[in-house]
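Here the structure is laid out as structure tokens; the discussion comes afterwards.
The values are calculated or read from the model by the stated rules, or taken from the named source; none is laboratory data. The shown structure was predicted, so the numbers you read here are calculated from the model rather than taken from an experiment. Please note: Cβ atoms are built from the backbone with ideal geometry, for glycine as well, and neighbour counts cover all protein chains shown. Accessible surface areas use protein heavy atoms only, side chains included; no ligands, DNA or RNA. Shrake-Rupley method; radii C 1.70, N 1.55, O 1.52, S 1.80 Å.
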Amino acid sequence: MTMTGDQAVGGYTGPTPEEVGATYDEFGDLYALTVGDVGVHVGMWSRPGEREPAATLGDLANRAQERQTAYHVETLALRADEHLLDIGCGTGLPAVRMARHRGGRVTGITVSATHLAKATETARTWGVSERVTFRHGNVMDLGFEDESFDAAMAVDVFAHLSDRQRAFREIARVLRPGSHFLLNDFTLRGTPPEEQLAAYLRAWCCAPPVTLVRTLEMAADAGLELVKAESMTPSCAFSGELMALLYADKHDAIAERYGPELTARMDGLVPLMRSLFRDHLGYYLYLLRKPGRR
């Protein structure tokens, strides 16, 4: 795979799809314990431009992720006759909720065998298996024909990609003219200490984050127009704080699940990631559009 310049920062390069999939297969339970198990992504602690009080730890992470999913449903406004591609579908709940609230069909893809099994079971449990299906898939090499989908979304997926530009081009290729692509992604703010960046890349199997400007450049190079970009950076910072608190709260369960050696390593990484989320990561929702008439 060709590595583009923005994927190499301080000697770090992006992981392969196989490495990302293996990481989620092995550490999916750890992520669920520390960030919530609804979608395994940054939750919407408040809507853009609003400030709402936060409650306690318990179900707070899940409630924030449910709010985030509801906002995605509202933003994409999928019609009942449309087909959505959910890239990095996780355990399947966002796809299921999109189909149940808006109608239409959803195809979800993931590089994690564990998530694929859970997502398939989620669709079955909610009785939407005829309209919501999941398969193994890599956004940098989508196995779909040109102009197959009416919309696409990728929530916290691009952070894992070794070639973001290639992913943008693949998404543009499989979208029909006039279709929308909803993307949530991290951005780089300033110059983080190397140990903070290394902790983030190691714990989450990520590629180095890029700037807001670079993200928009790559989208434009793929032929996608910007409809809107909304900063959700406060939600990202709060997610980092809650992740650290949940890690401490669930420490015994994590040690039992993963053993003392790995837990000891995570003990050193979590404070570094907390600082990175607070001081050097931005977080944006982008709504992009493929030019043309629907």
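In terms of modelled amide H atoms, which long-range or inter-chain residues lie less than 5 Å from the amide H of residue 189?
281, 282
Rounding to the nearest 20 debye, state how big the charge dipole of the stretch 215-266 is about its Cα centre with +1 on each Lys and Arg Cβ and -1 on each Asp and Glu Cβ.
Details: 4 positive and 9 negative charges, 31 e Å.
That gives the stretch 215-266 a dipole magnitude of about 140 debye.
For 112, 129, give the ranking by accessible area with the largest first, probe 1.4 Å. Before the final figure, lay out each step's value.
Working: 112 5, 129 55 Å².
From most accessible down to least: 129, 112.
Considering amide H positions built from the backbone, and no H for Pro or chain starts, which residues 5 or more places from residue 250, or on another chain, come under 5 Å of its amide H?
Correct list: empty.
Quick one: 3J(HN,Hα) in Hz for the stretch 109-116, Karplus 6.51/-1.76/1.60 with θ = phi - 60°, rounded, Gly and Pro as x.
For the stretch 109-116, the Karplus curve yields 10, 7, 9, 9, 5, 5, 5, 4 Hz.
Give the angle, between 0 and 90 degrees and rounded to the nearest 10, that separates the Cα long axis of helix 164-174 from the longest principal axis of the Cα atoms of the chain.
The two axes meet at around 30 degrees.
If one takes the longest principal axis of the Cα atoms in the chain, at what angle in degrees, from 0 to 90 and to the nearest 10, does the Cα axis of helix 194-204 lie?
60
Using only the alpha carbons of the stretch 103-170, what is the convex hull's orientation-averaged projected area in square nanometres? Write out the running numbers ahead of the final one.
Values: hull surface 20.2 nm².
The orientation-averaged projected area of the Cα hull of the stretch 103-170 comes to 5.1 nm².
Tell me the per residue accessible area of the stretch 97-144 using a 1.4 Å probe; a whole number in Å² is fine. Before the final figure, lay out the partial values.
Numbers: 2450 Å² over 48 residues.
Per-residue accessible area for the stretch 97-144 comes out at 51 Å².
Using the crude model of +1 on Lys and Arg Cβ and -1 on Asp and Glu Cβ, and no other charge, please compute the dipole size for the stretch 109-216 relative to its Cα centre, in debye to 20. Intermediate values should be presented prior to the final figure.
On the way: 12 positive and 13 negative charges, 20 e Å.
For the stretch 109-216, the charge dipole is close to 100 debye.
Which cross-chain or sequence-distant (5 or more) residues have an amide H under 5 Å from the amide H of residue 134, H modelled 1.01 Å from N in plane?
108
Roughly how many Å² of residue 294 are accessible to a 1.4 Å probe, to the nearest 10?
Estimated to the nearest 10 Å², residue 294 gives 140 Å².
Show me the GluC sites (Glu not before Pro) within the stretch 83-189 that DSSP assigns to loop and that have at most 12 other Cβ atoms within 10 Å of their Cβ.
Working: sites: 121, 130, 145, 147, 170; in loops: 130, 145, 147.
Filter output for the stretch 83-189: 130, 145.
What are the ³J(HN,Hα) couplings of the stretch 137-153, residue after residue, when phi is run through the Karplus curve with 6.51, -1.76, 1.60 and θ = phi - 60°? Round to Hz, x for glycine and proline.
x, 10, 4, 7, 7, 6, x, 10, 6, 4, 6, 8, 10, 9, 6, 8, 9
Lys/Arg Cβ at +1, Asp/Glu Cβ at -1, dipole of the chain taken about the Cα centre: which of 77, 120, 98 is farthest positive-ward?
Farthest towards the positive pole: 77.
Percent of accessible area on the stretch 104-171 owned by carbon and sulfur, 1.4 Å probe? Mind dumping the intermediate values first?
Working: 1290 of 2820 Å².
Carbon and sulfur: 46 percent of the exposed surface of the stretch 104-171.
Translational D (Stokes-Einstein, µm²/s) of the chain at 4 °C and 1.567 mPa s when Rh comes from the Kirkwood sum over C-alpha pairs? Mind showing how you got there, number by number?
Numbers: Rh = 19.2 Å.
The diffusion coefficient I find is 68 µm²/s.
Please report, to two decimal places, log10 I(q)/I(0) for the stretch 184-294 at q = 0.09, 0.13, 0.15, 0.18 Å⁻¹ as given by the Debye formula with identical point scatterers on the Cα atoms and no solvent.
-0.32, -0.58, -0.72, -0.91
Choose one of 213, 192, 233: the residue whose Cα lies farthest towards the positive end of the charge dipole of the stretch 190-256 (beta-carbon charges +1 Lys, Arg; -1 Asp, Glu; about the Cα centre).
213
How large is ³J(HN,Hα) for each residue in the stretch 277-290, as worked out from phi by the Karplus curve 6.51 cos²θ - 1.76 cosθ + 1.60 (θ = phi - 60°), to whole Hz, x for Gly and Pro?
Computed from phi, the couplings for the stretch 277-290 are 4, 6, 10, 9, 10, x, 8, 10, 9, 10, 10, 10, 9, 7 Hz.
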